[in-house]
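We did not get these values from a lab; they are worked out from the coordinates using the rules stated. Keep in mind the model is a prediction, meaning the values are calculated, not measured. Every residue, glycine as well, gets a Cβ built from its backbone with ideal geometry; the counts of neighbours run over all protein chains shown.
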Amino acid sequence: MLRKLIKHEFKSVNRLMIPLHLGLIAITIIGRFYIQLALKQYPVLTGDNVWLNLANMSLMLFYIVALMAVGLTSMIYLSILRPRKNLFTDEGYLMHTLPVSAHAHIWSKLIVAAIWLTIDTALIILSVFTMFVNPDFIREIFTALPDLLSSFRETFGISMGTAIAVYIPLFILSTLASLLVIDMSIAIGHSFNSHKVLSSVGVYVGATVLRNLLGTILQTLAGVVTSGDTAGISLGTFIFYYSNLSTTVFWLGCAMAALMAAITMGVAYPLTYYFMTRKLNLE
Amino acid sequence: MNELLTCVDLTKQYGSKTALDSINLIIPRGRIIGLLGPNGSGKTTLIKLINGLLSPTFGHLYINGMEPGPETKKVVSYLPERTYFNSWMKVTDILNFFCDFYADFSRVRAEDMLQHLGIDPKARLSAMSKGTKEKVQLIMVMSRDADLYCLDEPIGGVDPAARDYILQTIISNYNEHASVLISTHLISDIENVLDDVIFIQNGHIRLHASVDAIREQEGKSVDALFREVFRC
């Protein structure tokens, strides 16, 4: 059933996400053509004329705003609007009477949102890269690549490949945790008899304050470890004492992020499930 | 097991307001039951509880001996009093959706009913009138081979001609293993198809009897009795 839910979730979500990202691709192609071809072919466009410069700046501003709009729209739609509308408004009368578990509902929303947010992030990065990259830039990158890799290793004590391999699952885990906090807030807020949206916002604010507090505690613990104070009594100090400090910072940062995401999911998931089953209140 | 739905001390409160107050009810198989009562009497709350859209404050509710959950949703077909489909959907999208999720859904039966009511399967819901949307929704719900059909105001928004067809559909679709629970204000329209009636008022069941018994004992129609019991 989860597979079927994901299939129909994609079908619904794609109606907005595909045109939105096709628009992003179109803007990128037009922008790339303008910057890399038009401005180079016709240097007069970048001359001293104040109006032309103003026009170029406006176009750049438009591009930045468009990028932000695509990112924000995707985030707000996938994390807030879609789950709320589909599960807690009129559509919820259909979704909650399907013979599927609340687990399947939660995961289908999480998986589809995480996939689209990953695509969204990748496309935005790719768009910026496509917009400004040129043969000279690529040549320079390839020339500087060995130095870049070695300096990365010197700074963090691990290879860039390892860092990317660790960062991607961490990004996905953190995205899932953030989405779950929103799902939990919506589920709790909509269990109230009135002021459901306001209650959801209130729960979200409360959850964010708690998460920040937890983050601060974890960072403080990490600070004890990385301060080099070997007299520190934390377990982390003991584990990382003999390792390279920069490597310690990297791994400790990753461990803290993973721990933060795991704690968040460990609390948010059961609460979301509980409120979607035992406290569902579709009025 | 002849008992299809059992409510034991079923209570639902919204804050300080009690919508259902310790309801005890048994609905057997093979009956068409009218759930009748004035506005705000608790009809929709009871139907939502059966479908797991609300959780009881106290008490229990069992369908085939199970509390509402994915297993009971396999055998309960629910028509809410509102449109729950996305307006961008075409009728074929809805048919595909129901085929995917309900093992008991008969696509042939649904297509046959759509054709009978002159509804184009390729049409989008956004292009349909409110009444036509209601017909589509009812067709989907009645095209399942469910054990219990819960119909909340199924005929309120459709014209009298379609109303007759829909009632005929309800009668012809259900079997001795299934029951149909219909909540409506249009008592005179459905009176002839009902086996039993439940009168509900202020969250309490005032009467649960067969239509034949009412006619014999009271000497009046269900509609007349309803007007008498719930006179304002």
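Suppose a student asked you for the relative contact order of chain B, using Cα pairs under 8 Å spaced at least 6 residues apart; what percent would you report? Display every interim value, and only then the final one.
On the way: 418 pairs, mean separation 61.6, N = 232.
Averaging sequence separation for qualifying contacts and normalising by length gives 27 percent for chain B.
Could you please report the charge total around B:VAL229, scoring K, R as +1 and D, E as -1 over all other residues with beta-carbon less than 13 angstrom from its beta-carbon?
Details: positive: B:ARG206, B:LYS220, B:ARG227, B:ARG231; negative: B:GLU218, B:ASP223, B:GLU228.
Result for the local shell: +1.
Can you give me the relative contact order of chain A as a percent, contacts being Cα pairs under 8 Å and 6 or more apart? Present the calculation step by step, with values, prior to reporting the outcome.
Numbers: 218 pairs, mean separation 63.9, N = 283.
Computed value for chain A: 23 percent relative contact order.
How high is the relative contact order of the stretch A:1-133, in percent, counting Cα pairs under 8 Å that sit 6 or more residues apart?
Working: 74 pairs, mean separation 65.6, N = 133.
Relative contact order of the stretch A:1-133: 49 percent.
Give, in whole angstrom and from largest to smallest, the semi-axes √(5λ) of the equivalent ellipsoid of the stretch A:1-133, with λ running over the eigenvalues of the Cα gyration tensor. Mind showing how you got there, number by number?
Details: eigenvalues 348, 35, 18 Å².
They are 42, 13, 9 Å, listed from largest to smallest.
Who wins for biggest fluctuation among A:ASN14, A:ASN49, A:ASN86 in a Gaussian network model of chain A, springs between alpha carbons below 10 Å?
Highest fluctuation of the listed residues: A:ASN49.
With a/c under 1.5 counting as rounded, go ahead and sort chain A into rounded, prolate or oblate using the C-alpha gyration tensor (a ≥ b ≥ c being the square roots of the eigenvalues; past the cut-off, prolate if a/b is larger than b/c, else oblate). Each step should come with its number before you reach the end.
Values: a/c = 2.28, a/b = 1.16, b/c = 1.97.
Here chain A falls in the oblate category.
Just to confirm a number: summing +1 for Lys and Arg and -1 for Asp and Glu over residues other than B:THR72 whose beta-carbon lies under 14 angstrom from that of B:THR72, what do you get? All intermediate terms of the calculation are to be shown ahead of the outcome.
Values: positive: B:LYS48, B:LYS73, B:LYS74, B:ARG144; negative: B:GLU3, B:GLU67, B:GLU71, B:ASP104, B:ASP147.
Within the 14 Å Cβ shell, the charges total -1.
List residues of the stretch B:143-167, by number, whose backbone nitrogen lies under 20 Å from a label position 7 Å along Cα→C-beta of B:SER129.
Residues passing the 20 Å test: B:153-167.
Would you mind working out the magnitude of the charge dipole of the stretch B:3-229 relative to its Cα centre, with +1 at each Lys and Arg C-beta and -1 at each Asp and Glu C-beta, to the nearest 20 Debye?
Details: 23 positive and 29 negative charges, 150 e Å.
Approximately 720 debye in magnitude.
With a ≥ b ≥ c taken as the square roots of the eigenvalues of the C-alpha gyration tensor of the protein assembly as shown, please select rounded if a/c is under 1.5 and otherwise prolate if a/b is larger than b/c or oblate if it is not? Present the calculation step by step, with values, prior to reporting the outcome.
Details: a/c = 3.10, a/b = 1.87, b/c = 1.66.
It comes out prolate by the Cα gyration axes.
So who's got an amide H within less than 5 Å of the one on B:TYR14, skipping anything under 5 residues away but keeping other chains? H placed 1.01 Å off N, in plane.
Here the answer is B:ALA19, since their amide H atoms fall under 5 Å of that of B:TYR14.
Which of the three applies to chain B, rounded, prolate or oblate, going by the alpha-carbon gyration tensor with a ≥ b ≥ c and a/c under 1.5 meaning rounded? Display every interim value, and only then the final one.
On the way: a/c = 1.67, a/b = 1.37, b/c = 1.22.
Because a/c hits 1.5 or more and a/b exceeds b/c, chain B counts as prolate.
For each of A:LYS196, A:LYS7, count neighbouring Cβ atoms within 10 Å of the residue's Cβ, then give the residues from fewest to most.
On the way: A:LYS196 19, A:LYS7 14.
The order, fewest Cβ neighbours first, is A:LYS7, A:LYS196.
For the pair A:ILE64 and A:ILE263, what calculated FRET efficiency results from E = 1/(1 + (r/R0)^6), where r is the Cβ-Cβ distance and R0 = 30 Å, to the nearest 0.05? Show your work: numbers first, answer last.
Working: r = 35 Å, r/R0 = 1.17.
The pair A:ILE263/A:ILE64 has a calculated efficiency of 0.30.
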